[in-house]
Amino acid sequence: MFPKTPQARQGKAQPGMAAVRERVGTLRALPAAAVLPFLDLRPEGADGHVGEGLAEEVLQALNRVEGLRVVSRTTSFPHGGSGLPLGEIGRRLQADVVLGGTLVAQGGTLTLSAELVDVGTDRTLISESFDFDRKDLFATLDSLAAQVATALGLTPPARRCQPVDLDAYLFYLRGRQQYFRYSRQGMVEGEGLFRKALALAPDFARAWAGLADCAAFTCIYLDRSEARRCLAEDCSRRALELDPDLPEAHASRGVALSAAGQVDEADEAFERALLLDPQNFEASYFFARHCFAAGRPEMAIQFFEWASSLRPEDYQSVLLVAQVYHSLGVDDEAAAARRRGLALVEQRLADHPGDARARYLGANALVALGERDKGLAWAREARALDPADPMLLYNLGCIHTLAGDTDEALDCLGAALEAGLSQKDWLLHDGDLDPLRGHPRFEELVASLGTRP
């Protein structure tokens, strides 16, 4: 099983990038299943959150089926509601089977109709309707995932979804959307939504993990206070008490422990998450960030690459691993990763032009690849979208450093600290900032973080 992180901590041989690529190749050789969003035909279902969330649950369950590769949600979900036959969608996605369906409501009963199609023959493998009460939603999704695995001649996933109120689940889904904006406003809104989910379902482990994630992110990057640290630890501990085998809870625990500076304990939490689910994107992605902040760039590369293989459409893993390659002086790999990441950013911005994070990470890649004017234009556009966000200002500092604008870079970094940025480790290890090292203003900024709680 990859990754073998306990060996890495003990100083033993690690799999290395060849093993990462071999594992990625193995995944790509497996038969592929694509899951489309269930069309939510309820009168109140116009926003699509429920239909996408239910499909995500089935997708994650299928991710745990040995011998099956699942097309990422960002690749498959845009095809939902296209009106094309499932077989044609599958051919476009280069999948072997495609699962689609609808969700309707009649009185107090919900009906989930599902169809699984063999792409090669256009033959329907499953065509079934599930009638259920709101409280039986997740048992129904478990049953559907098991039927898909069985239809493919594979062993159904052993883990079952935690039953939860449908409205609480909707708040949880919206909270995750806000959290993945990775901005101050996203954390505020995400935390509020997770709290709404918990008000309806106090034992909802994933909502506790989401609340822990928001608190830990805020503690690491925006507000290194004891209150935020304690909130992250308490919420992640509660998630584990409720569901000790939930990979997301262990990943959240890892982020919380990383925020508290407990490096070894955080390692163990991330490792446990990946042992439970080697294809858990969040565990891989945040383990990579943790490793880089802890001064272990080689491990960070492996986990960023692994995260990228799990979600090929994710631009963040690719662009962040490019920065790590750059910090190690591996310029060919850095440039290749930046080109891959930039292509993904452009795809993202075509659909979401207001995504400030995609814009500023793309700006970094452009400047690093020599497209200085275009990169600085993107940086200005990103700043206009969210001018006071500390993470954005920090990244603008990196961009202007790469562009050779030392004074502007230092101004941006200073503004980031004034806005609440409190993550010292990235300033110490980020290769983009190497040209600033030794500059009196930069050293003063770094030193000022050392005096903060």
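Here, each number is a calculation from the coordinates, and none is a lab measurement. This structure is a prediction, so every number in the text was calculated from the model and none was measured. Cβ: placed from backbone, ideal geometry, glycine included. Neighbour counts: every protein chain shown.
Label separation (Gln162 vs Asp264): 2.9 nm, computed from points 7 Å beyond Cα along the C-beta direction.
Site pair Lys135 and Glu241 shows an inter-label distance of 2.4 nm when each label is modelled 7 Å from Cα along Cα→Cβ.
Scaled against the 2.2 N^0.38 Å expected of a compact globular protein of N residues, the Cα radius of gyration of segment 31-161 reads 0.97. Computed extension gain for Leu449 through Ala388, at 0.36 nm per residue and net of the alpha carbon distance, reaches 20.1 nm. For segment 344-451, the spread of Cα coordinates along the three principal axes comes to 42, 27, 20 Å, biggest extent given first.
For the chain, relative contact order (Cα pairs under 8 Å, six or more residues apart, normalised by length) works out to 10 percent. Across the chain, Cα-Cα pairs farther apart than 37 Å form 25% of the total. In terms of its Cα atoms, segment 162-296 spans 42, 31, 23 Å along the principal axes, sorted from long to short.
With K and R counted +1 and D and E -1, the other residues having a Cβ less than 11 Å from that of Thr124 yield a net charge of -3. Once the gyration tensor of the Cα atoms in segment 348-404 is diagonalised, the equivalent ellipsoid follows with semi-axes of 16, 14, 8 Å, ordered largest first.
Each label point was placed 7 Å from the Cα along the Cα-to-Cβ direction; for Leu30 and Phe180 their separation is 2.0 nm.
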